[in-house]
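Colleague: Take this structure first; my questions come after.
The values are calculated or read from the model by the stated rules, or taken from the named source; none is laboratory data. A quick note: this is a predicted structure, and the numbers were derived from the prediction, not measured. Neighbour counts run over all protein chains shown; Cβ positions are idealised from the backbone, glycine included. Just so you know, the surface numbers come from the protein's heavy atoms only, side chains and all, with ligands and any DNA or RNA stripped out. Shrake-Rupley method; radii C 1.70, N 1.55, O 1.52, S 1.80 Å.
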Amino acid sequence: MSHPTLIEVAVPTPLRKNFSYLCPLNFSLPVIGARVTVPFAGRELVGLVTAHLDSVDVKLDKLKSLINILDNHALQPPTMRKMLSWASNYYLYSLGEIYQQAMPALLRKGHQAKLIEQLQWSLTEQGRNIEADSLARAKKQQQLVALLSDHGTRNNSQLKAADISTATIKAVAEKGLIEQLARSLPEPCFWNDDNINHDDALVLNSEQAICVAAINTEFGFNTSLLLGITGSGKTEVYLQAIEQVISAGKQALILVPEIGLTPQTLQRFQSRFNVPIVFLHSGLNDKERLDGWLKAKMGLAAIVIGTRSAIFTPLLKPGMIIVDEEHDSSFKQQDTFRYNARDLAVVRASLECIPLVLGSATPCFETLHNAQSGKYQLLNLTKRAGNASEASHQIIDIKGVKLQSGMSPQLIELMRHHLTRGDQVMLFLNRRGYAPTLLCHECGWLGDCQRCDAHYTVHQRYQYIQCHHCGAQEAIPRQCPCCGSTQLVTAGVGTEQLEETVNQLFPTFNSVRIDRDSTRNKGALDKSLTGITNNDYQVLIGTQMLAKGHHFPDVTLVAILDVDGALFSGDFRANEKLAQLYLQVSGRAGRASKPGQVVLQTHHPEHQLLRSLNREGYLAFSENALIERKVAQLPPYWHMALLRIESHDNRHINDFNQQLVEISHQLLQQLSSKETPLRQIGPMPAPMERRAGRFRWQVIFESSTRGQLHKFLAMLMPLLLKNKSSRQVRWSVDVDPIDMV
Ligand code: ADP
Ligand code: ZN
Ligand code: ZN
């Protein structure tokens, strides 16, 4: 070849373009999809090769050369790379940064893409023949040699679990007693029907049977919405749908919400399928995460279960994707690359030509709309499976009623009834801490965060006040900073206070609190959950965290203490979220053979939403709510993107806004028409105008057609990037935002 070889690399920078590099003659040309290290702005970055180029439009001597080639093969399969390119266009985010987020941390840092776990320690000839007491003075070393002599081989994490330190391993290796060898790998995707424990499968009821039959891998790509009330047996449908995937020697990917996967569910998978399962959860270290990712990619894991980012796990022979609790907001990443894993699952399943199942008792409106318009097939489970009966619902009117830490006398009586009967009670309050406000009884001073438009929350137990938006924290003041009075009082109720009052009211019963404060320490949540299962606790108090997927058979009363804030929120999704929460929480009641009771306290018992939810259920409620969305030209009928702008200096925001309006108005005029309308709302201050010392503004762009909105955004972004004013503020675009705060 007459000229050096040229490659294009997706480099992890916010700039939404790829860069060209020279491949020096002493390197062979890296394949597309391989990682390379390249020089970029004085640093060495890991990027991914996206193309081989014939020519570039800059002078060759201006180009830099790549530094190293990290992979001989493409890191991800082509379908995965296609999905990531799609995401780059759709979410208007740099491909290089998306590639970074889509790989485990160690690969990002340039680590080799090899299974670490496959390296095994074993005894050397010398180690096998060692005199029994020659290590008597080094007990740990002796233990290590004994362990390997018993088990043959062990990998690092197994040794760590046996309390053998790296120092010990190193010392024994240096004595020449042990060596590390690569274990030969099993055949990829070796499983078949023999690996399924058919005896474990439940006899499906007719509704479940219809669902399993409809989720057929032979149909290729199709999306099913599995709509089933809590306890209707969705998990059993997943399990039996996965059976055909395993029999065919393929792999299944299951996405679950954060903190949504319970040990019970994992166990159901493990006992049904005698196959390697990779479980990607937040407790993994970098090595374990890489191992799981590679096992999936190499076809050494049959089932991958994980939270949001598990959608980026490559699979050798994908067979099916399942998204459980598809409405859960944790599937949406709320910063940097703002993707929604559920939506990427649709894209991925279509690229892989495999079925996708979206399961929920309370699907999000976007998904329901797609099911109603025929884009997804709707599979409905209307009855509770097994012997569980449906819970009864009751609304308690608390207008004018004196409450004790948020509990009405009527609720307290009900609690007493259930507790003395030997059952468990669950109280739900979506506010952690002791009280949401601290105020001066004499002058009315309010404890406000200096950096946010928000009140401090009082945390009594540890004697501090804290802002839940920026984390700022200080000791509870003894005197009012304004008038010097010592009469500082709290207003409102949080979970900490509720727990205190419950303990006073029911001293013979034990309570447990589950919120972000009580579960901060590692293992704390698991410990509390086990305690609940063992009936060590009778009153369970918690925030949203308690609402998710847990199966507590002895809970018979569930009470939601306060829904009024959500009934009158400015967020157009508030009613949808409240309905989902209500049904999720009430799904915790009476899951086993005991009938459950659900109680809701409100000042507005006549509210339409509560009545229709109670009387007609989620589907009917959502049908009405969807009509309202249509009339109001809101998602899912219209499509939305949110531009967020932040700065410490309001003048910089002003400058930016001015430029933005000029640019966007021109574009809107150019693109918007009667058939394909485009609309801009704002710039306007965000609902919380100041947070962590930054001023926050936002602009909403909307269109009735997705294509039109994206055309507009694709034109707007480069113009904004070029504009000087955009460098003085922090700004980002959120496509399909779910949170407007
Ligand atoms: P979901 O995932 O919809 O909340 P699960 O799959 O966890 O529901 O099922 C709820 C309970 O009903 C579980 O205890 C499960 O073992 C039981 N169950 C599910 N399907 C059946 C069935 N066909 N026959 C008997 N029990 C069932
Ligand atoms: Zn005061
Ligand atoms: Zn703050």
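Colleague: Identify, please: which residue in the stretch 501-535 is in contact with a Leu (Cβ under 6 Å, 6 or more places away or on another chain) and open to solvent by 20 Å² or more (accessible area, probe 1.4 Å) and is, among those, farthest from residue 405 (Cα to Cα)?
Modeller: 519
Colleague: Kindly provide the set of residues from the stretch 523-582 that are closer than 14 Å to residue 511 by Cβ, under 22 Å from the mean Cα position of the chain (by Cα) and among the polar types (S, T, N, Q), ordered by number.
Modeller: Correct list: 528 only.
Colleague: Which one of 354, 396 is β-branched (Val, Ile, Thr), away from ligand 2 (no atom under 16 Å from the Cβ) and not assigned by TED's automatic domain parsing to the domain that holds residue 500?
Modeller: 354
Colleague: On the given criteria, is residue 241 touching a residue at least 60 places away in the same chain (Cβ under 8 Å), on the phi < 0 side of the Ramachandran plot, touching a Gly at 6+ places or on another chain (Cβ under 8 Å) and small (Gly, Ala, Ser)?
Modeller: In short, no.
Colleague: Could you say which residue among 271, 330, 282 is open to solvent by 30 Å² or more (accessible area, probe 1.4 Å) and assigned to a helix (DSSP H, G or I)?
Modeller: Sole residue among the options that is open to solvent by 30 Å² or more (accessible area, probe 1.4 Å) and assigned to a helix (DSSP H, G or I): 271.
Colleague: Hey, another quick one. How many residues are of a type in the set (D, E, K, R) and either assigned by TED's automatic domain parsing to the domain that holds residue 574 or without any contact (Cβ under 8 Å) to a residue 60 or more places away in the chain (or both) if we restrict to the stretch 630-648?
Modeller: Summing the residues that are of a type in the set (D, E, K, R) and either assigned by TED's automatic domain parsing to the domain that holds residue 574 or without any contact (Cβ under 8 Å) to a residue 60 or more places away in the chain (or both) in the stretch 630-648 gives 1.
Colleague: Take the conditions farther than 27 Å from residue 88 by Cβ and either open to solvent by less than 30 Å² (accessible area, probe 1.4 Å) or outside any strand (DSSP E or B) (or both) and apply them to residue 628. Does it pass?
Modeller: In short, yes.
Colleague: Does at least one position in the stretch 444-461 carry a residue that is touching a Phe, Trp or Tyr at 6+ places or on another chain (Cβ under 9 Å) and free of Cβ contacts under 8 Å to residues at least 12 places away in the same chain?
Modeller: yes
Colleague: So, of the residues in the stretch 426-450 that are part of a loop (DSSP other than H, G, I, E, B) and under 28 Å from the mean Cα position of the chain (by Cα), which turns out to be surrounded by the fewest Cβ atoms within 10 Å (Cβ to Cβ)?
Modeller: 436
Colleague: Do any residues in the stretch 552-570 that are under 15 Å from residue 609 (Cα atoms) have Cβ atoms under 7 Å from those of residues that are in a loop (DSSP other than H, G, I, E, B), where the two are at least six apart or on different chains, and which pairs are they?
Modeller: Final answer for the pair search is 562/406; 562/429; 564/603; 564/604; 567/604; 567/607.
Colleague: Name every residue in the stretch 451-470 that is within 11 Å of ligand 3 (Cβ to nearest atom), in a strand (DSSP E or B) and either aromatic (Phe, Trp, Tyr) or open to solvent by 60 Å² or more (accessible area, probe 1.4 Å) (or both), in order of residue number.
Modeller: 455
Colleague: Same structure again: Got at least one residue in the stretch 377-386 being among the polar types (S, T, N, Q), assigned by TED's automatic domain parsing to the domain that holds residue 203 and either within 24 Å of the chain's Cα centre (by Cα) or within 29 Å of residue 740 (Cβ to Cβ) (or both)?
Modeller: no
Colleague: Being touching a Phe, Trp or Tyr at 6+ places or on another chain (Cβ under 8 Å) and more than 29 Å from residue 647 (Cβ to Cβ) is the filter here, so list the residues in the stretch 462-477 that pass it.
Modeller: 475, 476
Colleague: Also, I was wondering about something else. Just checking: which of the strands (runs of 3 or more DSSP E) contained wholly in the stretch 1-104 hold 1 or more residues that are under 22 Å from residue 314 (Cβ atoms)?
Modeller: Strands (runs of 3 or more DSSP E) meeting the threshold: 5-10, 35-40, 43-53.
Colleague: Moving on to the next point. Show the residue pairs that are 6+ apart or on different chains and have beta-carbon atoms under 8 Å apart, the first residue being within the stretch 475-504 and within 21 Å of residue 450 (Cβ to Cβ) and without any contact (Cβ under 8 Å) to a residue 12 or more places away in the chain, the second being open to solvent by less than 70 Å² (accessible area, probe 1.4 Å) and not in a helix (DSSP H, G or I).
Modeller: Here the result reads 478/488; 479/485; 479/488, each pair linking the stretch 475-504 to a residue that is open to solvent by less than 70 Å² (accessible area, probe 1.4 Å) and not in a helix (DSSP H, G or I).
Colleague: From the list 377, 404, which one is more than 16 Å from ligand 3 (Cβ to nearest atom) and in contact with a strand residue (DSSP E or B) (Cβ under 8 Å, 6 or more places away or on another chain)?
Modeller: Only one candidate qualifies: 377.
Colleague: Of everything in the stretch 218-234 that's buried (at least 19 other Cβ atoms within 10 Å of the Cβ) and either of a type in the set (Val, Ile, Thr) or assigned to a loop (DSSP other than H, G, I, E, B) (or both), which residue is farthest from ligand 1 (Cβ to nearest atom)?
Modeller: The residue in question is 223.
Colleague: Among the candidates 498, 546, 557, which residue alone is buried (at least 19 other Cβ atoms within 10 Å of the Cβ) and part of a strand (DSSP E or B)?
Modeller: Step by step, each of 498, 546, 557 is checked, and only 557 is buried (at least 19 other Cβ atoms within 10 Å of the Cβ) and part of a strand (DSSP E or B).
Colleague: Also, quick follow-up: Name every residue in the stretch 102-121 that is open to solvent by 20 Å² or more (accessible area, probe 1.4 Å) and farther than 17 Å from residue 296 by Cα, in order of residue number.
Modeller: The answer is 108, 109, 110, 111, 119, 121.
Colleague: Let me ask something else. Any chance you could count how many residues in the stretch 135-171 are in contact (Cβ under 8 Å) with a residue 40 or more places away in the chain and among the β-branched types (Val, Ile, Thr)?
Modeller: Counting residues in the stretch 135-171 that are in contact (Cβ under 8 Å) with a residue 40 or more places away in the chain and among the β-branched types (Val, Ile, Thr) gives 1.
Colleague: Further, regarding this structure: Here is a list of conditions, (1) modelled with pLDDT under 95; (2) away from ligand 3 (no atom under 16 Å from the Cβ); (3) open to solvent by less than 40 Å² (accessible area, probe 1.4 Å), and residue 672 meets all of them except one; can you say which number that is?
Modeller: The number of the failed condition is (3).
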